[in-house]
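Peer 1: Before I ask anything, here is the structure I am working with.
Bear in mind that the values in this text are calculations on the coordinates, not laboratory data. Predicted model only: the values in this text are computed from it and were never measured. Cβ atoms come from the backbone with ideal geometry, glycine included; neighbour counts cover every protein chain shown.
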Number of protein chains: 2
Amino acid sequence: MRKVADSTVRRLSLYLRFLEEFEEQGIDTISSEALASRGGTTSAQVRKDLSFFGSFGKRGLGYAVPELAGRLREILGLERRYRVAMIGAGKIGSALVQYRGFRQRGFDIVAIFDVDPGKVGHQWNGLAVQDIAGLEAELGRHPIDMAVLVTPAEAAQPVVDRLVRLGVKAILNFAPLQLTVPDDVVVKSVNLALELETLSYALNNR
Amino acid sequence: MRKVADSTVRRLSLYLRFLEEFEEQGIDTISSEALASRGGTTSAQVRKDLSFFGSFGKRGLGYAVPELAGRLREILGLERRYRVAMIGAGKIGSALVQYRGFRQRGFDIVAIFDVDPGKVGHQWNGLAVQDIAGLEAELGRHPIDMAVLVTPAEAAQPVVDRLVRLGVKAILNFAPLQLTVPDDVVVKSVNLALELETLSYALNNR
């Protein structure tokens, strides 16, 4: 398979959301134009994005909604559920644990870890915060698929090294630093202040 | 000025963070190699990113840290502070209001709005949640520079239309939909479940 850009994968996720809305409305077929207009892009972009993964739709007839939605779920790996550990029980972690969007899309937060004895043992959304010292023992018993990292910057790399040794291959990083991981581990970083800086840049360079 | 890609602007933000760390450590000059290795990129990329904005550094001598940091702050519009309104006082909103990273980078949350009478009047980090019905009156008296949108999907577009009429030109959107805005309004969307989907895609397509 050709290397697919991150921006393409993001658009596929968006198309899937729109297709699921169309499904709920009982719409059976959809044109690339309709999918594009719902997603703020062009029909050429929709066709190009989908072309990475094979041939979809019929000229003049559009896409079969349930079929395309199913294929996108398959491509995005969303036909199964994922076990996710939250590393860090701070404010952002607290919001994320309660965030329904994760569970709705198949991502179950199954463990929360923190270093602070004042937090360990507290119940969060039905889960007890565990001592990060027990990370190896817990993940040895109950392996996870992904980790969400919401620690302070200085704590992040050492815990990532431990996660990597435990075989975790996917990390969503909210800590404000660049993580170092082996080639077979994928890291996506979210930096909320940086998002605002792309706005301030846009306001100042128009 | 040439059109600069979003990914370039994000790297400039990261370079600025690293430069500020170097400043704190009393480091006066830095090579593009050192800046690149700190940011997980290449020195050619660093030079290319900076070349959009003029000529920096001296061959063989590297970049003057305080000078380049100052220039990046200027480019990113970070030599001033921004007044930010939070629209939606749910769980993600609550975490964001308390998130120190915003204030540290010059973004002050100055107002919080919600539609829920059960939330209006409650104090959040020293700010009282205001009724969204009073949006026009409040922003008329105390204009803002940016809005952070953390409403449910169905509530998002109508409130964005109101913000646009009030002259707001920059919106950070956490609601899971594509917003429609005029060309002179910039929207950045953050979708946390979608970030996990780029991870599940990566795990299933390696």
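Peer 1: Where both partners of a DSSP beta bridge lie in chain A, what percent of those bridges are antiparallel, to the nearest 5? Before the final figure, lay out the partial values.
Peer 2: Numbers: 5 of 25 bridges.
Of the beta bridges lying entirely in chain A, close to 20 percent run antiparallel.
Peer 1: Please list the equivalent ellipsoid semi-axes of region B:57-120, computed as the square roots of five times the alpha-carbon gyration tensor eigenvalues, in descending order and whole angstrom.
Peer 2: On the way: eigenvalues 293, 22, 10 Å².
Those come to 38, 11, 7 Å.
Peer 1: Over all directions, how big on average is the projection of the convex hull of the alpha-carbon atoms in region A:6-75, in square nanometres? Intermediate values should be presented prior to the final figure.
Peer 2: Numbers: hull surface 16.3 nm².
Averaging across all directions leaves 4.1 nm² for the Cα convex hull.
Peer 1: What is the pair-distance distribution P(r) of region B:82-195, computed from all Cα-Cα distances in 10 Å bins starting at 0, with each bin given as a whole percent?
Peer 2: Reading the bins upward from 0: 14, 51, 32, 2.
Peer 1: Here is a follow-up. Label position 7 Å from Cα toward Cβ: report the copy-to-copy distances for B:PHE52 in nm, one decimal, ordered from shortest.
Peer 2: When each copy's label point is compared with this one, the spacings are 2.1 nm.
Peer 1: Ranked by Cβ crowding within 10 angstrom, fewest neighbours first, how are B:THR42, A:THR198 ordered?
Peer 2: B:THR42, A:THR198
Peer 1: Let me ask something else about it. Once you've got the GNM for chain A with C-alpha springs shorter than 10 Å, pick whichever of A:LEU194, A:LEU14, A:LEU135 has the biggest mean-square fluctuation.
Peer 2: Checking each option, the largest mean-square fluctuation is seen for A:LEU194.
Peer 1: Then there is this: Only bridges with both residues in region A:82-194 count here: give the DSSP antiparallel percent, nearest 5. The partial results should precede the final answer.
Peer 2: Numbers: 2 of 22 bridges.
Beta bridges within region A:82-194, antiparallel portion: roughly 10 percent.
Peer 1: Antiparallel DSSP bridges in the protein assembly as shown: what percent, to the nearest 5? Display every interim value, and only then the final one.
Peer 2: Details: 10 of 50 bridges.
Just about 20 percent of them are antiparallel.
Peer 1: Evaluate the charge dipole of region A:82-194 about its Cα centre and quote only its size in Debye, nearest 20, assuming +1 on the Cβ of each Lys and Arg and -1 on the Cβ of each Asp and Glu.
Peer 2: Details: 11 positive and 11 negative charges, 86 e Å.
Dipole magnitude for region A:82-194 comes out near 420 debye.
Peer 1: Follow-up question, since we're still on this one. How much net charge surrounds B:ASP145 when only the other residues with a Cβ under 11 Å from the Cβ of B:ASP145 are counted, with Lys and Arg +1 and Asp and Glu -1? Let's see the in-between values first.
Peer 2: Working: positive: B:ARG80, B:ARG81, B:ARG83, B:LYS169; negative: B:ASP108.
Here the charged neighbours net out to +3.
Peer 1: Further, regarding this structure: Report the closest approach of any chain B C-beta to the axis of the B-to-A rotation: residue and distance, in whole angstrom.
Peer 2: It is B:ALA95, 2, counting Cβ atoms only.
Peer 1: Sticking with this one: Measure off 7 Å from each Cα along the Cα-to-Cβ vector at A:LEU61 and B:GLU79, then give the distance between these two points in nanometres to one decimal.
Peer 2: 6.1 nm
Peer 1: Mind scanning A:LYS91/A:LYS119; A:LYS91/A:LYS169; B:LYS3/B:LYS58; A:LYS188/B:LYS188; B:LYS3/B:LYS48 and naming the pairs with a C-alpha gap bigger than 19 Å?
Peer 2: Values: A:LYS91/A:LYS119 12 Å; A:LYS91/A:LYS169 25 Å; B:LYS3/B:LYS58 25 Å; A:LYS188/B:LYS188 17 Å; B:LYS3/B:LYS48 14 Å.
In this structure, A:LYS91/A:LYS169; B:LYS3/B:LYS58 exceed 19 Å between Cα atoms.
Peer 1: Roughly how far apart, in whole Å, are the Cα centres of region A:127-163 and region B:1-75?
Peer 2: That distance is 33 Å.
Peer 1: Semi-axes of the equivalent ellipsoid for chain B, please: Cα gyration tensor eigenvalues, times 5, square-rooted, ordered largest first, whole Å.
Peer 2: Values: eigenvalues 259, 82, 55 Å².
They are 36, 20, 17 Å, listed from largest to smallest.
Peer 1: Have a look at the protein assembly as shown and give its Rg and Dmax from the Cα atoms, expressed in angstrom.
Peer 2: 22.1, 65
Peer 1: Note the per residue figure in Å³ for the convex hull of the C-alpha positions in region B:36-145. Numbers along the way, then the final one.
Peer 2: Details: hull volume 15.4 nm³, N = 110.
That works out to 140 Å³ per residue.
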